[in-house]
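Participant: Shown below is the structure under consideration.
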Amino acid sequence: MNNKVDRLVRAAVVLAGLAASAALWWPLSAAAVRVKEVASVQGVRSNQLIGYGLVVGLDGTGEQNAVTAQSLSALLQSLGVTLPAGVQPQGRNTAAVMVTAELPAFAQPGQTIDIAVASMGSAKSLRGGTLVMTPLRGADGQIYAIAQGNLIVGGAGASAGGSKVTINHLSAGRIPGGASVERAVATPLHEGDMLQLDLRAADYSTARSVANAINLAKGDGSAFAVDGRTVQVRVPPGQARVGFMADIENLAVQLEKPAARVVLNPRTGSVVMNEAVTLAACAVAHGSLSVTISSTPVVSQPNALAGGQTVAGEKADIAITQQGGALVNMPAGTQLTDVVKALNALGATPQDLLAILQAMKAAGALNAELEVI
């Protein structure tokens, strides 16, 4: 009897250990995400940089204008070469370019970042060019990086005898690691005893879930939701903030069902809807109307002895075709698959769906918010 009890106790201990370990390795549910995927620390962000520079070494595909000549003269003068008065550099091996980059958070002097280079004038191609030293400035006008290097242009082109062939885009390129950081941007990560998490999308349920997850892991009162997009987090005194934030950003957050939304793009005919979209029962009829106008040139040629003049005119034929749309009964759908099946039953094109969805929304049959991009 004692042996049986011992076996039962050992089995219970093993099952408890498996249950505890399962919480660590078992995959999260579909609606569970980490804090880092829905929020970011206020002030910890990237900064845009911009600069004006020159690309040299082009094989006659550059430009020759007053701006490029003035810039090249100023560059030569800074290097100790002074041109005679009234003399401007000649040739089409130079191009004026705009250089842009993104300075990531916590970037330190000496580190390198990627840059993008784009022609500002009439240069035909930047392929094979070299960007000379270009300062990159931030929104405050300060220099944060210096760019220089050989361009990588993902394209090719050739022209001869009035014919031209171009593959991809030749007036823009990139330089991986082409800029060296010269100045760091201060971040509020180590300032004060409070940190602010900014949600990527405003949602009261998500803000509450993030605050609850932090309080459950770090103790009550560690975090509280200020509004639908902001969560304040209290940092314990004496604790390393890097380790503290590493723990917080990996906490699992259970998201609520998102708000129903349908996104329409009338330029491309795209229709995208999320899983929360539902449909009430309705009847829809949609027909297409097409107008065709054809013009045929007509020449009136009078008799040779009549003494009249030849008159050119046009004969226009206008045809209007309307395809009748049958009235289709669309049942109520509580899942995305049901809504898709109901819309497919109409047999309408994506362009037609743009008008149908707007009409259904006006009729109160579409339980979703329409957003046109």
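Participant: Run the numbers for ARG34 and ALA280: contour at 0.36 nm per residue of separation, minus the present Cα-Cα distance, in nm.
Facilitator: Full extension from ARG34 to ALA280 adds 85.1 nm.
Participant: I've got another one for you. If I model a spin label at ARG200 and ARG137 as a point 7 Å from the Cα along the Cα→Cβ vector, what separation in nanometres do I get?
Facilitator: Result: 3.3 nm between the two label points.
Participant: Something else now. Shape verdict for region 69-143, please, from the Cα gyration tensor: rounded (a/c under 1.5), prolate (a/b greater than b/c) or oblate.
Facilitator: prolate
Participant: Then there's this: Which FRET efficiency value, to the nearest 0.05, do you get for GLN108 and ILE373 by plugging their Cβ-Cβ distance into 1/(1 + (r/R0)^6) with R0 = 45 Å?
Facilitator: About 0.75, to the nearest 0.05.
Participant: Under 14 Å from the Cβ of ILE50, count the other residues' Cβ atoms, weight Lys and Arg +1, Asp and Glu -1, and hand me the total.
Facilitator: Every neighbour counted, the sum reads -1.
Participant: What list do you get for ILE115, ILE214 if you sort them by fewest beta carbons within 10 Å?
Facilitator: Ordered by Cβ neighbours within 10 Å, fewest first: ILE214, ILE115.
Participant: Just want the ordering: ASP227, ASP198, from fewest to most Cβ atoms lying within 10 Å of their own Cβ.
Facilitator: ASP227, ASP198
Every number in this text was worked out from the coordinates using simple rules, so none of it is lab data. This one's a predicted model, so the numbers in the text were calculated from it and none came from an experiment. We place every Cβ from the backbone using ideal geometry, glycine too, and count neighbours over all the protein chains shown.
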